[in-house]
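The values are calculated or read from the model by the stated rules, or taken from the named source; none is laboratory data. Just so we're clear, the structure is a prediction, and the values are computed from it rather than from any experiment. All Cβ positions, glycine included, derive from the backbone under ideal geometry; neighbour counts span all protein chains shown. Just the protein is used for accessible areas: all its heavy atoms, side chains included, with ligands, DNA and RNA removed. Shrake-Rupley method; radii C 1.70, N 1.55, O 1.52, S 1.80 Å.
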Amino acid sequence: MMNLALYLDSGIHQGGWRHPDSAATGGSNWPLYRKIAQRAEAAKLDMIFVADKLAIDDVYGGHLAHTVQHRQVGWSEPLTLLAALAAVTDHIGLGGTVSSSYSVPYTTARQLANIDHISGGRAAWNVVTSLSHAEARNFGRSEHFSHEDRYRRAAEFIDVMKALWDSFEEDALILDKAQARFAEPSRFHRLDHQGESFDVQGPLNLPRPVQGHPVVIQAGVSEAFIDLAAQQAEVLFVVQPNRERAQQFYLTLKQRAQQYQRQPDQLRILPGMVPIVGTTQRDAEERAAYLKSLITVESGLSFVSASMNIDLSQYPVDGPVPDLREKITGSKGRFQYVIASAIEQNLTLGEMAKRYAESLSFPAPTGTADSIAQQMIDWYQHQACDGFVILPTYIDENEDRFLEQVVPRLQDAGVFRSDYQPGTLRDRLGLVKPENRFHS
């Protein structure tokens, strides 16, 4: 079955917050987030996904003025939000972003383990390496880690997290009052981990999560990302602008996973998609054109500058796109493609930025519910993906055309569930529960 996740955000489109129907939040509208999560659960989606960034972008022009004036700012802290959503949902998975660059394993392992217990086995975590110098400066660094350094740190971070979840075994608690045996000492394990980035003794002081380990999500497309994801990721949230590139990426990742002695079906690849649903094709195209008209060039340039970690204010807006591919220290895999495509199409810098601000290079099918559902089925059946992460252009408090119109067509086609079955998020994704590395 196809897997579907909903990106729980105020909208990915950089003009979306200006739409009259948009419920722009600034990251603090709890009743709205609760409503969206429950609406996604009613549609039987696998998971909601909460992204994060640890700073307000201040790369473009060397300050944050363009960002706060032209874009939505304010990110809801993912793990506290997921804990709250666990109490108001029953079945849907709960995924949130964690920065391996600016988090510590022991605290994060406890938080995610607790969310997994509270939710009955529905927790997932999207491990990212962060992007910008602005984020680094909020955590005592003058600049962000190099691309190579942050991926080495991420690999160590993931391994320590998993070891911590294993260190308090599931059968450790005995609770024998008569014999005064609360727990079995042999079921607790010190890690005594001393690595390049982390020193952690262990064990965790919280029982092993319901799922063994919360589901590991990773997002990216760079070569460093591919190698780490092939070893560690269970859900991949990726940018693939067309079916042909998606098919090649899908094949590459599944084969790379096998090189690390992993089963290909234990890696679920979910490209992002930004659907624009209309009652007719013309209606959808008019909706897309209106949204595009709401983007300012400053919003696009601010977003792209922060994502690449390059101040684009030093280049003429109406001039050609400079070839900055070797200078990117932020999102390498994505923007090497974006820049190459822009140069090939002779776009100006401003045109590239505004085009990127529409969908962030994710495919943006524009049409009726029938045509969008068919495109999704086509990708799925031609092994371009195992499903999708749906990124709304903006959040409408009163309706969700994708959930209400496209999902029923996927259900009617037999590629998506019509109801939840008992079990954890791992069970729904077809992922096995990991064995405990310490258990004899």
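A few remarks follow.
- Cβ-based net charge around I377, under 12 Å, with every Lys or Arg adding one and every Asp or Glu removing one: -1
- Residues L173 and A289, FRET efficiency given R0 of 56 Å [Cβ-Cβ distance, rounded to 0.05]: 0.40
- For V238, distant residues with modelled amide H under 5 Å away: L270, G272
- Whether region 19-170 is rounded, prolate or oblate, judged on the alpha carbon gyration tensor where a/c under 1.5 counts as rounded: oblate
- Ordering A219, A373, L204 by Cα displacement along the dipole of the chain toward the positive end leaves L204 in first place; charges were set at the Cβ atoms of Lys, Arg (+1) and Asp, Glu (-1).
- Scanning residues 5 or more positions from G93 or on other chains, those with amide H under 5 Å from its amide H are M47, I48, with H placed 1.01 Å from N in the peptide plane.
- In region 119-164, the chymotrypsin sites (Phe, Trp or Tyr not before Pro) that fall in loop regions by DSSP, at most 15 other Cβ within 10 Å: F139
- Heavy-atom accessible area ranking, 1.4 Å probe, most first, across Y260, Y315: Y260, Y315
- Cα shape, region 308-366, gyration tensor, a/c 1.5 rule: oblate
- Whole-percent pair-distance distribution, where bins are 10 Å wide, for the alpha carbons of region 151-232: 16, 37, 29, 12, 5, 1
- Per-residue ³J(HN,Hα) for region 163-171, Karplus 6.51 cos²θ - 1.76 cosθ + 1.60, θ = phi - 60°, Hz, x for Gly and Pro: 5, 5, 5, 7, 6, 10, 5, 5, 9
- Segment D323-N138, length gained on full extension (0.36 nm per residue, minus Cα span): 63.6 nm
- Whole-Å distance, taken between Cα centres, linking region 6-65 and region 302-327: 25 Å
- Sequence-distant residues sharing a close amide H with S99 (under 5 Å, placed H): V128
- Net charge dipole size for the chain [Lys, Arg +1 and Asp, Glu -1 on Cβ; Debye, nearest 20]: 380 debye
- The phi-based Karplus calculation (6.51 cos²θ - 1.76 cosθ + 1.60; θ = phi - 60°) puts the 3J(HN,Hα) values of region 186-192 at 5, 8, 10, 9, 6, 8, 6 Hz, whole numbers, x for Gly and Pro.
- Average Cα contact separation per residue, the chain, under 8 Å, 6 or more apart, as relative contact order %: 24 percent
- Global geometry of the chain, whether rounded, prolate or oblate, following the gyration tensor of its Cα atoms and the 1.5 cut on a/c: prolate
- Computed accessible area, D52, all protein chains, 1.4 angstrom probe, square angstrom: 40 Å²
- The accessible-area ordering, largest first, of the residues W17, W379 stands as W17, W379, per a 1.4 angstrom probe.
- Residues of the chain: accessible area per residue with a 1.4 Å probe, Å²: 42 Å²
- Subtracting the Cα-Cα distance of A180 and D90 from their residue separation scaled by 0.36 nm leaves 28.8 nm.
- Pairwise FRET efficiency - R34 versus Y420, Cβ, R0 = 22 Å, nearest 0.05: 0.75
- Longest segment of the chain lacking trypsin sites (Lys or Arg not before Pro) that sit in a DSSP loop with at most 13 other Cβ atoms within 10 Å: 191-436
- Each of Y7, Y315, P392 was scored by the projection of its Cα onto the charge dipole of the chain, and the greatest displacement toward the positive side belongs to Y7; charges sit on the C-beta of Lys, Arg, Asp and Glu.
- Remark: region 121-131, residue by residue, has Karplus-estimated 3J(HN,Hα) of x, 10, 8, 9, 9, 9, 8, 10, 9, 6, 10 Hz, where x stands for each Gly or Pro and the curve is 6.51 cos²θ - 1.76 cosθ + 1.60 at θ = phi - 60°.
- Note on region 320-440: along the principal axes its Cα atoms extend 55, 49, 33 Å, ordered by decreasing extent.
- Relative contact order (%) - region 145-263, alpha-carbon pairs under 8 angstrom, separation at least six: 21 percent
- Of the solvent-accessible surface of the chain, computed with a 1.4 Å probe over protein heavy atoms with every protein chain present, carbon and sulfur atoms account for 47 percent.
- Which listed pairs, of K35/K162; K53/K332; K53/K162; K254/K332; K35/K254, have C-alpha distances above 28 Å, in listed order: K35/K162; K35/K254
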